[in-house]
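Worksheet: the structure to be examined is printed underneath.
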């Protein structure tokens, strides 16, 4: 059962700080520098009981807790992924802990491949729906024995991405569009045939994270906002000479980070307080 493990992890973190966070953030590939404005402490994942350790490039593997842009926050500076060999339950354990510390809103970012016509590197897309090939194949983080102390057995994914928070983001940056995010486990980039399939069924961007965290956040009755930063344009035909690679993604993330920081500096303070 997860509850004792969550309690042990949160107890350790609380022994390091008395901050009670309102907002939980997860920073995607290469986007960790957004957290440079954090005022507080950084705890290596490996020091926290039961916490998975990040091994992916561009993921620093630190839990930050303190103040960000005037709000009490806890942030994953780098996430863990299923492609590292972790289960869906393991990759979402940090989100469980952040909720256990007090966070009522999850703000998630990721680097994604753009698939919609007209998308360019540097675009921001607020996720309003998702399609998870992993979940459809049975890799749902809620799979297994039900623990009623964590949430309901069956959780709706309709409006999983909070419409009010999406509207707030677009009021701050009108260039932000909305889209459907496709989740694949990875780590291989999507082949052109899969990109064409995902386009055909209405997906706009594709990546290797986020959806398991969203499912668990909604299971915990947290409000969710998720933002894809387009770091490459997915290849949809073998006739295309471009070969997607991780260096391309990380270089794009470096260019996007200042823009994302500027957005977060306005968005985080504007997020609603906890419901009374």
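No lab work stands behind these numbers, since they all come straight from the coordinates. If you're wondering where the values come from, they're calculated on a predicted model, not measured in any experiment. Neighbour counts run over all protein chains shown; Cβ positions are idealised from the backbone, glycine included.
Among DSSP bridges having both ends in the chain, what percentage is antiparallel? Round to the nearest 5. Walk me through the numbers on the way to the answer.
Working: 18 of 47 bridges.
If we restrict to bridges inside the chain, about 40 percent are antiparallel.
Starting from the Cα-Cα distance between residue 37 and residue 255, subtract it from 0.36 nm times their residue separation and give me the gain in nm to one decimal.
Numbers: separation 218, 0.36 × 218 = 78.48 nm, distance 1.73 nm.
Full-extension gain reported as 76.7 nm.
Using 10 Å bins from zero, what percent of all Cα-Cα pairs in the range 156-226 falls into each bin?
18, 42, 34, 7
What do you get for the angle between helix 2-16 and the principal long axis of the chain? Use alpha-carbon atoms, 0 to 90 degrees, nearest ten.
Here the helix axis deviates by roughly 70 degrees.
Over 20 Å apart: what share of the alpha carbon pairs of the range 116-264 falls there, rounded to a whole percent? Each step should come with its number before you reach the end.
Numbers: 5813 of 11026 pairs.
Result: 53 percent of Cα pairs exceed 20 Å.
Counting only Cα atoms, I'd like the Rg/Rh figure for the range 1-159, Kirkwood definition for Rh.
Working: Rg = 16.1 Å, Rh = 16.8 Å.
The Rg/Rh ratio comes out at 0.96.
I'd like the per residue volume of the convex hull spanned by the Cα atoms of the range 100-167, given in cubic angstrom. The partial results should precede the final answer.
Working: hull volume 10.0 nm³, N = 68.
Enclosed volume per residue, from the Cα hull, is 146 Å³.
So which residue, out of 124, 250, 12, gets the largest mean-square fluctuation from a GNM of the chain using Cα contacts under 10 Å as springs?
12
If r is the Cβ-Cβ distance from residue 3 to residue 156 and R0 is 25 Å, what FRET efficiency results, to the nearest 0.05? Walk me through the numbers before you get to the answer.
Values: r = 23 Å, r/R0 = 0.91.
E(calc), rounded to 0.05, equals 0.65.
Between 113, 32, 186, where does the largest GNM mean-square fluctuation fall for the chain, given springs only between Cα atoms within less than 10 Å?
186
Just to be sure I understand: with springs between alpha-carbon atoms less than 10 Å apart, which residue in 67, 229, 109 has the highest mean-square fluctuation in the Gaussian network model of the chain?
67
Mind checking the angle between helix 163-172 and the chain's longest principal axis? C-alpha axes, 0 to 90 degrees, to the nearest 10.
Its long axis makes an angle of about 70 degrees.
What fraction of the DSSP beta bridges in the range 107-265 is antiparallel, stated in percent and rounded to the nearest 5?
Numbers: 5 of 23 bridges.
Counting only bridges with both partners in the range 107-265, antiparallel ones make up about 20 percent.
Can you tell me how the range 29-118 classifies by the Cα gyration tensor, rounded, prolate or oblate, using a/c under 1.5 as the rounded cut? Mind showing how you got there, number by number?
Working: a/c = 1.60, a/b = 1.15, b/c = 1.38.
It is oblate, given that a/c is not under 1.5 and a/b is not larger than b/c.
Could you state the angle between the C-alpha long axis of helix 246-270 and the longest principal axis of the C-alpha atoms of the chain, as a value from 0 to 90 degrees rounded to the nearest 10?
Approximately 50 degrees, to the nearest 10.
Quick one: check the C-alpha center-to-center distance for the range 122-199 versus the range 204-257, whole angstrom.
Here the answer is 10 Å between Cα centres.
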